[in-house]
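Here the structure comes first, spelled out in structure tokens, and everything after it is commentary.
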Amino acid sequence: MSALLEVRGLRKRFRSGDAGWLDVLTGCDLTIARGEVTAVVGASGSGKSTLLHLVGALDRPTAGEILLDGASYAAMSELELAAMRNRRLGFVFQFHHLLREFSALENVMMPLRIAGWTEGKARSRAEQMLAEVGLAGRMTHRPAALSGGEQQRCAVARALVHDPDLVLADEPTGNLDHGNGTMVAELFYRLARELETAVVLVTHNRQLAARADRAVLLDEGRLAPVPTVEALP
């Protein structure tokens, strides 16, 4: 499999309250192949979400380089980064972040409309994805009328609707009970496999991490491979 994402020597520091600096990432290296699922594990506050924000082009690193298909984020303007996010990346968060004034169908259509799809084409594709996640009969419902599991399934459909090259998932089952969490995890992995989408998944869930192609541990600002499921923290 060819490399899709390359992270080289990634560093991120933030100014702390005492006018000093807090180094969160101190030299992360990671290569993700097309269609590969990588779980990122680590203690709370270790910088996992910061890593996803940088890979998702939601923030700029202090140092280091991120490349998608060989194209460096550093060489892109803010408009080019926004276009890349809309067309090539998908995001799933612990909290679904659905737009509450829109229906499930309209929420899933949103990335396609932003990317310039016609309304008819976007609607057809969104209906297909909602059917894939078991929400064919709930398309016209707004988020408040959906259960927590249904809302997260809708968020998964939205993340995958435009066939992204890479999906970034930050604790996608962390706000769900065990049954709904298992259902969403199985759905998420199945669709990622079928679409051959690469996934970087941040999770505290050992079972979810164990199903990834590999797991890496973020500790003291650096990434290291986790050799076995038993070694997961």
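To the nearest 20 debye, what charge dipole does the stretch 74-121 have about its Cα centre, counting +1 at the Cβ of each Lys and Arg and -1 at the Cβ of each Asp and Glu? Before the final figure, lay out each step's value.
Details: 6 positive and 5 negative charges, 31 e Å.
In debye, rounded to 20, the stretch 74-121 gives about 140.
Taking 8 Å as the Cα distance limit and 6 or more residues as the minimum spacing, I'd like the relative contact order of the stretch 84-230 as a percentage.
After rounding, I find 26 percent.
Could you tell me which residue out of 225, 67, 31 lies farthest along the dipole of the chain toward its positive end? Charges go on the beta carbon: Lys and Arg +1, Asp and Glu -1, centred on the Cα centre.
Sorting the options by dipole projection puts first 67.
Residue 62 versus residue 224, label points 7 Å from Cα toward the beta carbon: distance in nm?
2.1 nm
Ranking 203, 118 by Cβ neighbours within 10 Å, fewest first, what do you get?
Working: 203 23, 118 10.
Least to most surrounded, the residues fall as 118, 203.
How do 166, 201, 208 rank when sorted from fewest to most other Cβ atoms within 10 Å of their own Cβ? Display every interim value, and only then the final one.
Details: 166 22, 201 29, 208 25.
So the residues, fewest neighbours to most, are 166, 208, 201.
Check residue 13: other-chain or 5+ apart residues with amide H under 5 Å from its amide H, H built from backbone geometry?
Excluding prolines and chain starts, which carry no amide H, the hits are 24, 62.
Determine ³J(HN,Hα), in whole Hz, for all residues of the stretch 9-14 in sequence, where each value follows from phi through the Karplus function 6.51 cos²θ - 1.76 cosθ + 1.60 and θ = phi - 60°; x replaces Gly and Pro.
x, 6, 10, 9, 10, 10
Quick check: the distance between the Cα centres of the stretch 59-127 and the stretch 187-226, to the nearest angstrom?
Taking the Cα centre of each part, the stretch 59-127 and the stretch 187-226 sit 20 Å apart.
Anyone know which of 124, 49, 103 comes out most mobile in the 10 Å Cα GNM of the chain?
The residue that fluctuates most here is 124.
If you put +1 on each Lys and Arg Cβ and -1 on each Asp and Glu Cβ, how big is the dipole of the stretch 1-80 around its Cα centre, in Debye rounded to 20? Don't skip to the end; give the middle numbers.
On the way: 8 positive and 10 negative charges, 45 e Å.
So the dipole magnitude of the stretch 1-80 works out to roughly 220 debye.
Among 17, 108, 93, which residue has its Cα positioned farthest towards the positive end of the charge dipole of the stretch 1-157, with +1 placed on the Cβ of Lys and Arg, -1 on the Cβ of Asp and Glu, and the dipole taken about the Cα centre?
Value computed over the given set: 108.
Pick from 22, 89, 130 the residue whose mean-square fluctuation is largest in a GNM of the chain, springs joining Cα atoms under 10 Å.
The residue that fluctuates most here is 22.
Can you bin the stretch 118-217 into rounded, prolate or oblate? Criterion: square roots of the alpha carbon gyration tensor eigenvalues sorted a ≥ b ≥ c, rounded for a/c under 1.5, prolate for a/b above b/c, oblate for the rest. Each step should come with its number before you reach the end.
Numbers: a/c = 2.40, a/b = 1.38, b/c = 1.74.
Here the stretch 118-217 falls in the oblate category.
Once you have a ≥ b ≥ c as the square roots of the Cα gyration tensor eigenvalues for the stretch 109-175, tell me rounded if a/c is under 1.5, and otherwise prolate or oblate according to whether a/b is larger than b/c. Display every interim value, and only then the final one.
Details: a/c = 2.06, a/b = 1.21, b/c = 1.71.
Judged from the Cα gyration tensor, the stretch 109-175 comes out oblate (a/c at least 1.5, b/c at or above a/b).
What base-10 log of the normalised intensity I(q)/I(0) is obtained for the stretch 1-102 from the Debye formula, alpha carbons as equal point scatterers, at q = 0.10, 0.14, 0.21, 0.24 Å⁻¹?
After summing over all Cα pairs, the log10 values are -0.32, -0.62, -1.25, -1.45.
Angle, helix 104-114 long axis vs. longest principal axis of the chain, Cα atoms, 0 to 90°, nearest 10?
For helix 104-114, the angle is close to 60 degrees.
Would you kindly derive the ³J(HN,Hα) couplings of the stretch 193-203 from the backbone phi angles with the Karplus curve 6.51 cos²θ - 1.76 cosθ + 1.60 (θ = phi - 60°), listing them in order in whole Hz, with x for Gly and Pro?
Once θ is set to phi - 60°, the couplings for the stretch 193-203 become 5, 5, 8, 6, 8, 6, 9, 10, 10, 8, 7 Hz.
Show me the GluC sites (Glu not before Pro) within the stretch 75-175 that DSSP assigns to loop and that have at most 13 other Cβ atoms within 10 Å of their Cβ. Each step should come with its number before you reach the end.
Details: sites: 78, 80, 101, 106, 119, 127, 132, 150; in loops: 101.
Passing both the DSSP loop test and the Cβ count: 101.
Which of 66, 114, 32 ends up with the largest GNM mean-square fluctuation for the chain, with Cα atoms connected below 10 Å?
Of 66, 114, 32, the Gaussian network model singles out 114 as fluctuating most.
Fewest to most neighbouring Cβ within 10 Å: what's the order for 188, 93? Spell out each step's value before the answer.
Working: 188 27, 93 19.
With the sparsest Cβ surroundings first, the list reads 93, 188.
Output wanted: per-residue J couplings in Hz (rounded whole) for the stretch 136-149, from phi through Karplus 6.51 cos²θ - 1.76 cosθ + 1.60, θ = phi - 60°, x for Gly and Pro.
Per residue, the Karplus-derived 3J(HN,Hα) values read 4, x, 10, 5, 8, 7, 7, x, 5, 8, 9, 6, x, x Hz.
Estimate the FRET efficiency between residue 163 and residue 21 by the formula 1/(1 + (r/R0)^6), using the beta-carbon distance for r and 45 Å for R0, to the nearest 0.05.
Working: r = 40 Å, r/R0 = 0.89.
Efficiency for this residue pair is about 0.65.
Over the stretch 114-199, what is the relative contact order in percent, taking alpha-carbon pairs closer than 8 angstrom and at least six residues apart?
On the way: 57 pairs, mean separation 23.6, N = 86.
The value is 27 percent.
Hey, got the dipole for the chain? About the Cα centre, +1 on K and R Cβ, -1 on D and E Cβ, debye to the nearest 20?
Working: 26 positive and 28 negative charges, 67 e Å.
Charge dipole, the chain, about its Cα centre: 320 debye, nearest 20.
Here, each number is a calculation from the coordinates, and none is a lab measurement. Keep in mind it's a predicted model, so treat the numbers as computed, not measured. When we count neighbours, we look across all protein chains shown, and the Cβ atoms used for this are built from the backbone with ideal geometry, even at glycine.
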